[in-house]
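Here the structure is laid out as structure tokens; the discussion comes afterwards.
The values are calculated or read from the model by the stated rules, or taken from the named source; none is laboratory data. Predicted, not measured: the structure shown is a model, and the values here were computed from it. All Cβ positions, even for glycine, are placed from backbone atoms using ideal geometry, and neighbour counts span all protein chains on display. For the accessible areas, the whole protein counts, side chains as well, though only heavy atoms, and no ligand, DNA or RNA atoms are used. Shrake-Rupley method; radii C 1.70, N 1.55, O 1.52, S 1.80 Å.
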Amino acid sequence: MAAIGDLHVSRHSQGAFQPLFAQITSSADVLVICGDFTDYGLPDEARILARELTAGVKIPVIAVLGNHDYEAGSHHEIRQILGDIGVTVLDGEATE
């Protein structure tokens with residue numbers, strides 16, 4: 001299991017995480033993203049993260065929103081963007 005947090009993806013992060021995600025994919029069975037994966041809680045930041053994940057991650061991904069992901073009030077949209085690419089975003093739920 002690999003766990004990361006505080007990615008703070010911004011508008012300038014395109015391509016920055018692909019090498020890390022490729023390394024995680026080769027050495028873990030599941031990736032857990034522990035909050036603050038966006039910098040300001042903007043949907044565009046979540047879309048960049050989604051592109052980074054789809055380009056480099058071939059294992060299941062589970063995520064939990066952090067305070068930065070709520071900052072712009074778009075947390076429902078962020079959750080949808082990540083859910084659309086197969087990320088399990090937990091908010092009081094459990095997963096196996």
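Summary table below
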quantity	calculated
In segment 47-59, residue farthest from Leu7 (Cα to Cα) [restricted to those that are in a helix (DSSP H, G or I) and not small (Gly, Ala, Ser)]	Thr54
Number of positions in segment 11-48 that are touching a helix residue (DSSP H, G or I) at 6+ places or on another chain (Cβ under 9 Å), under 20 Å from Glu93 (Cβ atoms) and among the aliphatic types (A, V, I, L, M)	3
Single residue of segment 60-87 satisfying the filter (open to solvent by less than 20 Å² (accessible area, probe 1.4 Å) and not in a loop (DSSP other than H, G, I, E, B)) that is nearest to Met1 (Cα to Cα)	Val61
Segment 28-45 - residue that is of a type in the set (D, E, K, R) and open to solvent by less than 40 Å² (accessible area, probe 1.4 Å) and, of those, nearest to Ile78 (Cα to Cα)	Glu45
Residues of segment 15-24 satisfying the condition of being among the polar types (S, T, N, Q) and surrounded by 15 or more Cβ atoms within 10 Å (Cβ to Cβ)	Gln18
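To keep it simple, each residue is scored yes or no on (1) at pLDDT below 95; (2) hydroxyl-bearing (Ser, Thr, Tyr); (3) in contact with a strand residue (DSSP E or B) (Cβ under 8 Å, 6 or more places away or on another chain); (4) open to solvent by 50 Å² or more (accessible area, probe 1.4 Å).
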position: His8; (1), (2), (3), (4): no, no, yes, yes
position: Ser26; (1), (2), (3), (4): yes, yes, no, yes
position: Arg47; (1), (2), (3), (4): no, no, no, yes
position: Lys58; (1), (2), (3), (4): yes, no, no, yes
